[in-house]
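Step one of this worksheet: look at the structure below.
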Amino acid sequence: MTAPILRPDGLIYGAAAQAAVSSGAGGWLAGGPAAFIRAELIEGAPGKARRRILTYQELTASREPALATRLAHLCAPRPPMAGLDWARTRIMGIVNVTPDSFSDGGLYQSAPAAIAHGHRLIADGADILDIGGESTRPGAAELDEDSEWARIGPVLEGLAGKDTPLSVDTRKSGVMTRAAAHGARMLNDVSALGFDDGALSAARASRLPVVLMHAKGSPETMQQAPHYEDVLVEVFHYLESRIALCEQAGLARGRLIVDPGIGFGKTLAHNLTLLSGLSAFHGLGCPVLLGASRKRFIGELSDEPEAARRVPGSLAAALQAARQGVQIVRVHDVRETRQALDVQEAILTAVSP
Ligand code: 9MG
């Protein structure tokens, strides 16, 4: 039987959230600061799932053990990771040391240029930097491990030792191990530890938090007519199965971050469904990361072929993620995102006289 999914709805913030939780009318979403007063219950297999809305009070009254477990995951506070707590949405700034990334490929290809870019993102308000040496844009070819490390290693060393934690974006066990030894504080694997047979054990041994991202197929093939019966249900259950695999291998849920993988084997409609249903992923009991920055779906919606001109759409996606309690947004435009998130937070938590 498929485990139920809860997609929190009726999200509230600030004093309203506090009052709802205190009165028992609402629950904290992943420990707060957002709370929810109802949720969509999604039961059944993809393509046959039934959906109905229940109030928070109806949910807490349920005697169904699977539902109680889901609700507990949904509400529990997440432990800090890489020195970051989750009191506000964290910004992960992108440092691509690649010749061919979809948006900034070639711009920071030399280590000094990438390090300078990293410093700029920190000054702009990044909470964490994600350093990547292999492009994962649709159609990108694979890179061998030594070449990938030759790109990442010097940048990691150049940015390590600052207060801002560093994440390394890699699918390869050897790069994970080397990154951990050179000061990385997080691993970001777009294949959810599925690309390299040694990745699960390397990630476990690193003792670092790990991002598990959903992707359908490899970057080379993923945009060739992706199909789902029910994208939200399938992505959710895929991530749940990866968490179970990690836990069986000794990599605790408390070290995992989940990501629905916007643009990785998804059409525009799939991406929009995931973006509007992001709050459901809190039911996995891990912080949620979203990477929508400058992606193709924004270009499709706005008829904008140039990735660097998709900043407004990227901000809309980051704001939507933050309102749904997403803990980390992975972005190119840190300063703009910081300002947008700060303004939204001030509005959502404003106290009326
Ligand atoms: C490396 N990379 C590119 N896009 C990404 C996304 O959406 N999420 C994560 N975790 N990594 C990404």
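Details
- Nearest-ten-degree value, helix 14-23 long axis tilted from longest Cα axis of the chain: 40 degrees
- Extension gain for the segment A68 to S110, taken as residue separation times 0.36 nm less the Cα-Cα distance, is 10.0 nm to one decimal.
- Segment 192-249 and segment 1-40 have their alpha-carbon centroids 27 Å apart.
- Percent of Cα pairs exceeding the 20 Å cut-off, where the set is segment 109-225: 40 percent
- In plain terms, if you count all Cα to Cα distances in segment 146-200 and split them into 10 Å steps from zero, the share in each step is 26, 56, 17, 1 percent.
- Sorting the segments 291-301, 20-30, 88-98 by their mean number of nearby beta carbons within 10 angstrom, highest to lowest, gives 88-98, 291-301, 20-30.
- Only lysines eight or more places from K216 in sequence, or on another chain, were considered; those with a Cα closer than 30 Å are K48, K172, K266, K295.
- Full-stretch length increase - R52, A123 - with 0.36 nm per residue and alpha-carbon distance subtracted: 21.0 nm
- Nearest 10 degrees, 0 to 90: helix 311-323 Cα axis against the chain principal axis: 40 degrees
- Multiplying each eigenvalue of the alpha-carbon gyration tensor of segment 1-145 by 5 and taking the square root yields semi-axes of 40, 22, 12 Å, largest first, rounded to whole angstroms.
- Peptides 276-282, 80-86 ordered by packing proxy, namely the average of other Cβ atoms within 10 Å per residue, highest first: 276-282, 80-86.
- Average projected area [Cα convex hull, segment 256-337], square nanometres: 5.1 nm²
- Taking the average, over residues, of other Cβ atoms within 10 Å as the packing measure, peptides 242-255, 3-16, 182-195 rank 182-195, 3-16, 242-255 from highest down.
- For segment 217-353, fraction of C-alpha pairs farther apart than 18 Å, in %: 60 percent
- The orientation-averaged projected area of the convex hull spanned by the Cα atoms of the chain comes to 17.3 nm².
- Antiparallel bridge percentage (DSSP; both residues within the chain; nearest 5): 40 percent
- FRET efficiency estimate (nearest 0.05) - Cβ-Cβ, D85 to V351, R0 30 angstrom: 0.85
- Against the chain, whose longest principal axis is taken from its Cα atoms, helix 231-248 shows a tilt of about 70°.
- Per residue, the chain reaches -11500 deg cm²/dmol at 222 nm when only DSSP H runs of four or more residues are counted, each adding -39500 (n - 2.57).
Readers should treat all values here as calculations from the given coordinates under stated rules, not as data from a laboratory. These numbers were taken from a predicted model, which means no experiment stands behind them. Cβ coordinates were reconstructed from backbone atoms using ideal geometry, including for glycine residues, and neighbour counts include every protein chain displayed.
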